[in-house]
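Working notes for the structure below.
Taken together, the values in this text are just the output of simple stated rules run on the coordinates, not laboratory data. Here the structure is a predicted model, which means the values were calculated and not measured. For neighbour counting, all protein chains shown are included, and Cβ atoms are generated from backbone atoms with ideal geometry for every residue, glycine included.
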Amino acid sequence: MTFPRALHRSLAWPLLAVACQQGGDVGTAEPEPGTASTSSTSTLVDPTNTPTTGVSSPVTTDPGSTSTSGDASTSTGNVDTGPDPASSSSDTTGDPPAPGCGDGEPGPNEECDLGAAQNNDHGVCTLECKIAKCGDKLIWDGEEACDNGTDNNDNLYGGCTTQCQLGPRCNDGMLQGPEECDLGEGNGDGEFPPYGVPCDDGCRFQARLAFLSSVAYKGGDLGGVEGAHLKCQKLAKQAGFDNSAAFKAWLSDGQHSPFQDFNHALDTVGLAYVRPDGVRIADDWDDLILNGPGDGIVLTDTGEKLLSVGVWTGTAPSGKVFDPAATCKTWSSSSALDKSRRGLSGVDKQKAQAWMQWVADKQWTNYTSFGCDVSYRLYCFEQ
């Protein structure tokens, strides 16, 4: 029904008053022509969109200002302030890790899995979730001392065994491989056993080596004193002795002698001579000349022990030539008519009389003269 305009206004004001008393949302009546409004804008509520949680109170502003209540969505019942913090989901830290090595649960292709914090390439379960074992090239702390994988070898000096333990090596206290000596923890500290010599950190004697040649030669086979030196060097090299090129034969002629050719300068005072088995034979050159080589130079380059064998020397106990005219013609003759002096490597100490005579007469280098057609051995000394 259409009402006259004046009646429309007369009915609207009482309804507005009632609505204000009840707190309802109704639109502000259109002002009469020529009157000023106290609000820049007002919004009529759409009855079809009235919130079910209650009604909103109109928002007023200072005269002349722009109202922020013009949009019905700014009412208390319709404002969207975003997610309630208290109702946030508990999975905001992210998804759990995907199943796999390191999740703490052994999978189909895993031998073990202690979790990412416990898997360790030095522990029982590796970073690849494999059970630690000898041969995997990983060292399991407390169980393995080494691991060279397929190169583990029970017979390799300085290597790693097939049980992942250290193989034979220097400083383990056992004489093996290329070692001259091995006193274990005593290496390098200057200490040494009775009748022995110090051993350095490289398992080498802190002394000069002396041995009996494993080969016997006739006088003319030596090729002079210099030829005898070369033979000593060859044997030392074959035996694997360090410094093999520095060995010389204890041999003399009219031009050579140990006194002339050997190194016995002041810097060698106190530097001992030792047999390959580690037995000290003299404290230094002076001790050798004065007292001889202890129990004798009876050990060969091959490790054989030989007592009472003849040794070509042509040398007096002083280290000088015994008789320049008796040296198998400077070690070029193998004739029985030519002679030279020979020594005796050592004697059995149980034969007391023979032993005392060997010591007193210094028979190690000055035993007797013999024909150059007989094969005798050489003493070889490291310089």
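On the principal axes of its alpha-carbon atoms, the range 95-139 has extents of 37, 20, 11 Å, going from largest to smallest. Counting only lysines at least 8 places from Lys362 when in the same chain, those with an alpha carbon closer than 24 Å to its own are Lys218, Lys248, Lys305, Lys320, Lys339, Lys349, Lys351. When the P(r) is computed for the range 208-382, the part past 27 Å accounts for 17% of the Cα-Cα pairs. Across the range 208-382, the relative contact order, built from alpha-carbon pairs under 8 Å that are at least six residues apart, equals 33 percent.
In the neighborhood of Gly270, defined by Cβ-to-Cβ distances under 15 Å, what is the net charge if each Lys or Arg adds +1 and each Asp or Glu adds -1?
On the way: positive: Arg208, Arg280; negative: Asp267, Asp283, Asp284, Asp286, Asp287.
With Lys, Arg at +1 and Asp, Glu at -1, the net is -3.
Subtracting the Cα-Cα distance of Met356 and Ala145 from their residue separation scaled by 0.36 nm leaves 70.7 nm. If the viscosity is 1.002 mPa s and the temperature 20 °C, what Stokes-Einstein diffusion coefficient in µm²/s follows for the range 296-383 when Rh is the Kirkwood radius over Cα pairs? The diffusion coefficient I find is 159 µm²/s. From the alpha carbon centroid of the range 313-383 to that of the range 217-290 is 15 Å.
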